[in-house]
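Every read-out reported here was derived from the displayed coordinates using simple, explicitly stated rules and does not represent laboratory data. Model, not experiment: these values are computed from the prediction. A quick note on method: Cβ atoms are made from the backbone with ideal geometry, for glycine too, and the neighbour counts reach across all protein chains shown.
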Amino acid sequence: MKKRYPLGPKVRVVVSTETITRGTVADSRICMIAEALKEAVPVATHVSVDVATTRFTDPTKGLRYVYLTPFTAQMALLAFDEGRVPTAFSFTLRNAHVSAAGVPKPKDSDSAERKKAKEKALAQAAAIPSRSVIVSQHGTTANQASPRVIGGKRPPQLRSLRRFGLRQFAGASDARKAQLDKQQQQVTVAEDDGR
């Protein structure tokens, strides 16, 4: 029988205009996307969002989830950090890198219920391998489509304060949008020529 590993949840994040106004510019922990993620996953702690990754911890399971930040969220985040207010949007987080979170051991002063919850979280975290394992969509080791990484080292993380160099990210969202618009125009022209 193949060993089953815990998989990260598929999370639908809706960033409303209210969440955008509540967010803080250039702060990974309380930006608009982090606030929307906290609403989507109420048990999430230690939420951090940057251009590369979106991360949170589920203390009830003792697991840390690291997702690649989707393109729509990246562009909105860059615009937000440049001082422009984006329109409301939504995206889905999929295929998390799952690793063990730092779960505190039960204390003598904890209630019986809390001790039981901490012990359960510790047991789930202990099931995570110390070295990376590639697993399929269903949690068994295999070479199938949509692989996920379980255990091992987490991807590197940017600092909690996002400050980009002038040449690196300033205007990056505008440049990418212009590039996509140009590609769309080329596709439209090619379709018109084919008719």
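A few remarks follow.
- Label separation (E113 vs T45): 1.7 nm, computed from points 7 Å beyond Cα along the C-beta direction.
- Estimated FRET transfer efficiency (T92, K182; beta-carbon r; R0 22 Å; 0.05): 0.20
- Residues H46, H97, sorted so that the one with the fewest Cβ neighbours within 10 Å comes first: H46, H97
- Per-residue HN-Hα couplings for segment 77-82 [Karplus 6.51, -1.76, 1.60; θ = phi - 60°; Hz; x = Gly/Pro]: 5, 4, 5, 4, 6, 7
- Ranked S90, S48, S109, criterion: other C-beta atoms within 10 Å, fewest first: S109, S90, S48
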